[in-house]
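K.L.:
Before I ask anything, here is the structure I am working with.
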Amino acid sequence: MKRFGIRLLLTMTVLLGVVTGGESTKAQASVETDFIESIKKPVVSVSHQNHLYASVMMAQAILESDWGQSELAVTGNNYFGIKGSYNGQSVTMATAEYSGKGKRYVTNASFKKYPNVTAAIKDNASLLRHGTDTDPDYYSGTWTDNTVDYRDAAAALSATYATDMAYGNKLTKLIQKYDLTKLDISTSSLDIEKQIADSVKDSMNEKSTKTVRSQKEKVVKVPKVDLSNFDKTRATFKNDASKIKIKPLTPIIKLS
């Protein structure tokens, strides 16, 4: 009986662990999906406007903010770990840094505090696009017009944005795991396709309008007939010598 009881207890423990583990996995997946969906629109819009990879920016937000759950993200809406102050607002946080030899250490630093997440996204894009005060091209390795794909941009951030040399690899893994490259489909290219379609449609409409106008002009442009000698009231032709009475006639006009 004791052995049976122990086996039953072990079985129940295993089953409970499976159920709990399944629920935990689902909850984590929900957190990740909800996070991506919550900032997808501003990330895509802002990155495309600044010729940056939306996939890289999304991966940065995931990594730097721990899916929006880090203390810095919660208290300062800072999803990118950007230091300094924003409109005079900042928060002091402990942060892990790496020395030139790759040694990790912890230090306190001031980080920007934003009024909302969109402001943080725009500020991150501005930083990547305009660089530092001394070097405006400092992050040019992340620009879409200077790279082949998102991997180049992610790698460029390892040597510039973060002191962690594995930073680019971490971003790349996140992008591939969550298929974030779908965010890089340029809205501008879609607009161009729409513009082309609209242009073709307008051209067809214009051609159709010209054809109808041409046909109408053919109908309107009828031969002129001199009716100056035709008396409509008395149905007679005027003549210097005499007036010859005839039956009322209706001029026959042949359309060309």
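K.L.:
Is it the case that some residue within the stretch 79-86 is over 21 Å from Y167 (Cα atoms), buried (at least 18 other Cβ atoms within 10 Å of the Cβ) and either among the polar types (S, T, N, Q) or free of Cβ contacts under 8 Å to residues at least 12 places away in the same chain (or both)? So that I can check it myself, show each step before the final result.
P.N.:
Filtering the stretch 79-86 for residues over 21 Å from Y167 (Cα atoms) gives 85-86.
Within this subset, residues satisfying the condition of being buried (at least 18 other Cβ atoms within 10 Å of the Cβ) are 86.
After this cut, where a residue has to be either among the polar types (S, T, N, Q) or free of Cβ contacts under 8 Å to residues at least 12 places away in the same chain (or both) as well, the list is none.
Scanning the stretch 79-86, I find no residue that is over 21 Å from Y167 (Cα atoms), buried (at least 18 other Cβ atoms within 10 Å of the Cβ) and either among the polar types (S, T, N, Q) or free of Cβ contacts under 8 Å to residues at least 12 places away in the same chain (or both), so the answer is no.
K.L.:
Another question, then. What pairs come up if the first residue lies in the stretch 129-141 and is over 10 Å from T160 (Cβ atoms), the second is part of a loop (DSSP other than H, G, I, E, B) and open to solvent by 30 Å² or more (accessible area, probe 1.4 Å), and their beta carbons are under 6 Å apart, counting only those six or more places apart or on different chains?
P.N.:
Partner pairs satisfying both residue conditions: R129/N50; H130/P136.
K.L.:
Being more than 19 Å from the chain's Cα centre (by Cα) and closer than 16 Å to A54 by Cβ narrows it down to one residue among Y167, Y150, Y139; which is it?
P.N.:
On the way: Y167 fails: closer than 16 Å to A54 by Cβ; Y150 fails: more than 19 Å from the chain's Cα centre (by Cα).
Every option except Y139 fails the conditions.
K.L.:
Here is a follow-up. Would you point out the residue of the stretch 87-99, among those that are over 10 Å from F111 (Cβ atoms) and hydrophobic (A, V, I, L, M, F, W, C), that is least open to solvent (accessible area, probe 1.4 Å)?
P.N.:
A96
K.L.:
Evaluate the stretch 178-185: report whether one residue or more is modelled with pLDDT under 95, open to solvent by 50 Å² or more (accessible area, probe 1.4 Å) and either part of a strand (DSSP E or B) or more than 24 Å from Y98 (Cβ to Cβ) (or both).
P.N.:
yes
K.L.:
Residues of the stretch 57-67 being in contact (Cβ under 8 Å) with a residue 40 or more places away in the chain and open to solvent by 10 Å² or more (accessible area, probe 1.4 Å), which ones? Show your work before the answer.
P.N.:
Step one: of the stretch 57-67, the residues in contact (Cβ under 8 Å) with a residue 40 or more places away in the chain are 57-63.
Within the stretch 57-67, L63 is the sole residue that qualifies.
K.L.:
Go through (1) surrounded by fewer than 10 Cβ atoms within 10 Å (Cβ to Cβ); (2) at pLDDT 95 or above for E217 and report which single condition fails.
P.N.:
(2)
The values are calculated or read from the model by the stated rules, or taken from the named source; none is laboratory data. Just so you know, these numbers come straight off a predicted model, no measurement behind them. Virtual Cβ from ideal backbone geometry, glycine too; neighbours counted across all protein chains shown. The protein model used for the area step is the full one, side chains on, heavy atoms only, and it has no ligands, DNA or RNA in it. Shrake-Rupley method; radii C 1.70, N 1.55, O 1.52, S 1.80 Å.
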